[in-house]
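**Student:** Can you keep this structure in mind? I'll have questions shortly.
The values are calculated or read from the model by the stated rules, or taken from the named source; none is laboratory data. Since this is a predicted model, take the numbers as computed values, not measurements. All Cβ positions, even for glycine, are placed from backbone atoms using ideal geometry, and neighbour counts span all protein chains on display. Ligands, DNA and RNA are stripped out before the accessible areas are found, and what is left, the full protein with its side chains, is counted by its heavy atoms. Shrake-Rupley method; radii C 1.70, N 1.55, O 1.52, S 1.80 Å.
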Amino acid sequence: MAEAVAEAMVSNAVLAVEAGTGVGKTWAYLAPLLLAGQRAWISTATQALQEQLFQRDIPALSKALGLPVRVAMLKGRSNYVCVHRLDLVRSGVLNTGASDPAWASALERIQRWAGGSRDGDLSELPGLDDHSPLRPWISSTRENCLKDSCPQLANCHVYRARQNALQADWVVINHHLFLASHSSRDEALPALLPEAHTVVFDEAHRLVELCETQLGLSMGSAQLLELALELKSMGPMMASGMQPWAHQALVLEHAVRAVWRLLPSRSASKGQLPWAQGAPQGIQVLAWQQARLAVLRALDAAVASLRAVAEAAAPLAALTHRADQWRRDWLELLRDTPEGTEQSGQTVRWIDHWAEGGWRVVRTATDAAQAFQEAMQSAGPVQSWVFTSATLGIDERLSWLTESLGLSDHPRLRTLRIPSPFDHAAQASLYVPDSLPEPADEDHSAALARSVAQWAQSLGGRTLVLTTSLRACERISKGLRLELATGAAPTLQVLAQGEASKRSLLERFRAAGEVGTGAVMVASASFWEGVDLPGDLLQLLVIDKLPFPSPGDPLTQARALRARSRGLDAFHSSYIQKAALALKQGAGRLIRSASDRGVLVIADRRLLTQSYGSALLEALPPMARLIDEADMRAALALLADTR
């Protein structure tokens, strides 16, 4: 892989490399970059890998080779504390509307931390969750940043991080930042970063989905309620008596709630409604038209009032610009699309809604290739591109990635697949139980929980259950707690996604394995990748169902429409490939080193009974097969005895 990366840099090529677990792909692209002495951007899908590269991997390699390199890490601006906005919130100029004393205490703690922080990176602040309602108030956006007129420009962490990046040889960024900069002229990457000869995308498999979602347009209750709060706090503070600020904020809040009342109530945390006949599915067109017009009128009034006082203070000018941009976004989101674009799956529109009252309208194109090619062109005079991940496709041409991103016709495209060096046939076993109910059966999760409880007890925990939905995660974790509480053996810990942060759950799982108390972790979504539990910390990995995309997901439906419009079989060209890649990614959590041993359970009999099962099995590393429950018990007993 290192030789292929070096050759790509010399020949100015595009290289896509699928490198199985254990190849050492990080070193394989870092070493040629360092030896070549060329400027580079290194982009990751997650901030965890971004920080690992910057803080650990790059310094270690630089020291080992005795070759110094100036490295900077740059994140999106919302990841840095905004000293100016923090001052406004603490002084009451920005009234967050929260009267809870815990907010005041949290702000005081943030202020103390910010005073001593060198980088202002909010990930360094203990106890501040990514979804904390405080984050929007203590960080900036492109719209509300005062830029050169900010009184705290000299102390601005975003400005300082960007200055450091401009002086570096390598800059470690993330995919979100790479794609977001494409839609902003004043914050495009060539303006933020030094020119790069080579761009490396690690975790490149995430680019396809991010292109489809991030390069679209979205707007919802979060922006509108933020505007309402700033109208009734900043308006009276900086332009008192000049406009009916409180009334306009109230009208905007009522319009947001009117949209929410049209949406179906939810017991689950999040729902989605696709567009149908000019309105979200299931909502009367007339009622929707009235609600969207109420939002538009409220935005019209807010923008008119803000324009009248915009010159009174820089924050009001910034707020005016932001409100006007949101008004234009709202009009753009809800305008009629060109004839046939949604019917053919070229574009897709839907509304997300959450149980706690939030909603968001989203519109995006389903052609990730065009969006990504435009992003590549906007990156400046880059000579070579490297895309790598453990999962990039199911064929030698890695066509899932290369076709999805518009790379397949590039004259200097090179593809390479390097299998994992681990001996999966000797280190891992695969079990597909045929005694469980069908995956669509309501009793499937409960029956699986009973089986997992027995298996996990024989191992003393060391079990991770990956689910294809949060609903299944809740059902299985509940069933496990019930089964383990009534058993004769000592109760194992059950750790479930949603009850703590991902980092906290993984720390507790590791601690339980190290001290021998044992734990079973049940999780979905982000736990299918980026989880590294080597050694005997994890010996049983259970996947509850084949990870097909949800047929009700609007983006999935649009992909299928687009495939059919091109004469393709939507099920095989979209569903099967997505499922195979997700299955491969999830299964990769089990064997993380040459000494690991474990069992993979895929609790979905369709893997053996349906014609597409063979294609999905081929995506997995070769493993010994367990035929029945007796084989399973014997395999688990051997793992426990060996440990």
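**Student:** Report the Cα-based extents of region 1-160 along its three principal axes, largest first, to the nearest Å.
**Tutor:** 59, 34, 28
**Student:** Return one number: the angle in degrees, 0 to 90 and rounded to the nearest 10, between the long axis of the Cα atoms of helix 470-485 and the longest principal axis of the Cα atoms of the chain.
**Tutor:** The answer is roughly 50 degrees.
**Student:** For the chain, what's the relative contact order in percent, using C-alpha pairs closer than 8 Å and at least 6 residues apart? Intermediate values should be presented prior to the final figure.
**Tutor:** Working: 1092 pairs, mean separation 112.6, N = 643.
It rounds to 18 percent for the chain.
**Student:** If you consider only alpha-carbon coordinates, what radius of gyration and Dmax does region 112-232 have, in Å?
**Tutor:** 16.2, 49
**Student:** Quote to one decimal, in nm, the extra length available between Asp119 and Gln167 on full extension: 0.36 nm per residue of separation minus the C-alpha distance between them.
**Tutor:** Between Asp119 and Gln167, full extension yields 15.7 nm more.
**Student:** What is the ratio of the Cα radius of gyration of region 452-529 to 2.2 N^0.38 Å, where N is its residue count, to two decimals?
**Tutor:** After normalising by residue count via 2.2 N^0.38 Å, the value is 1.01.
**Student:** Also, quick follow-up: In whole angstrom, and with the biggest value first, how far do the Cα coordinates of region 466-579 range along each principal axis?
**Tutor:** Answer, in whole Å and largest first: 57, 29, 22 Å.
**Student:** In degrees from 0 to 90, rounded to the nearest 10, what is the angle of the helix 314-334 Cα long axis to the longest principal axis of the chain?
**Tutor:** 60 degrees
**Student:** Here is a further query. Output the direction-averaged projected area (hull surface divided by four) of the convex hull of the alpha-carbon atoms of region 280-341, in nm².
**Tutor:** 5.3 nm²
**Student:** What list of ³J(HN,Hα) couplings, whole Hz, do you get for region 361-374 from phi and the Karplus terms 6.51, -1.76, 1.60, once you set θ to phi - 60° and write x for glycine and proline?
**Tutor:** Result, ordered by residue: 8, 10, 9, 8, 7, 8, 8, 5, 4, 5, 5, 6, 4, 5 Hz.
**Student:** Listed highest first by mean packing, meaning other Cβ atoms within 10 Å per residue, what order do 405-415, 433-443 come in? Mind showing how you got there, number by number?
**Tutor:** On the way: 405-415: 16.4, 433-443: 12.6.
Top to bottom by mean Cβ count within 10 Å: 405-415, 433-443.
**Student:** Still on this structure: Per the Kirkwood treatment, what hydrodynamic radius in Å, one decimal, follows for region 308-418 from the mean inverse distance over all distinct Cα pairs?
**Tutor:** Radius from the Kirkwood sum: 18.3 Å.
**Student:** Any idea what log10 I(q)/I(0) is at q = 0.06, 0.07, 0.08 Å⁻¹ for the chain, Debye with uniform C-alpha scatterers and no solvent?
**Tutor:** For the requested q values the scattering log ratios are -0.37, -0.50, -0.67.
**Student:** Ignoring ligands, DNA and RNA, how do Val515, Val83, Val89 rank by accessible area with a 1.4 Å probe, largest first? Can you show the working numbers first?
**Tutor:** Numbers: Val515 105, Val83 35, Val89 15 Å².
Of Val515, Val83, Val89, the descending order of accessible area is Val515, Val83, Val89.
**Student:** Same structure, new question: 5 Å is the cut-off here: which amide hydrogens, built 1.01 Å from N in the peptide plane, fall below it relative to Met73, excluding neighbours closer than 5 in sequence?
**Tutor:** Close amide H contacts, sequence-distant or interchain: Val172.
**Student:** In addition: Given 0.36 nm per residue, what is the gain on full extension from Asp336 to Asp441 after removing their alpha carbon distance, in nm?
**Tutor:** 33.8 nm
**Student:** So how much slack lies between Ala64 and Ser105, counting 0.36 nm per residue of separation and subtracting their Cα-Cα distance, in nm?
**Tutor:** Details: separation 41, 0.36 × 41 = 14.76 nm, distance 4.52 nm.
Contour length minus the Cα-Cα distance gives 10.2 nm.
**Student:** Still on this structure: Over the Cα atoms of region 121-179, Rg to Rh with Kirkwood Rh, two decimal places?
**Tutor:** That ratio is 0.98, to two decimals.
**Student:** Let me know the whole percent of all Cα-Cα pairs from region 369-458 that are separated by more than 23 Å. Please list the in-between numbers first.
**Tutor:** On the way: 2210 of 4005 pairs.
Of all Cα-Cα pairs in region 369-458, 55 percent lie more than 23 Å apart.
**Student:** Return the subset of Lys270/Lys502; Lys478/Lys545; Lys25/Lys584; Lys478/Lys584; Lys478/Lys502; Lys25/Lys578 for which the Cα-Cα distance in this structure is over 21 Å, preserving the input order.
**Tutor:** Distance filter (> 21 Å) returns Lys478/Lys584; Lys25/Lys578.
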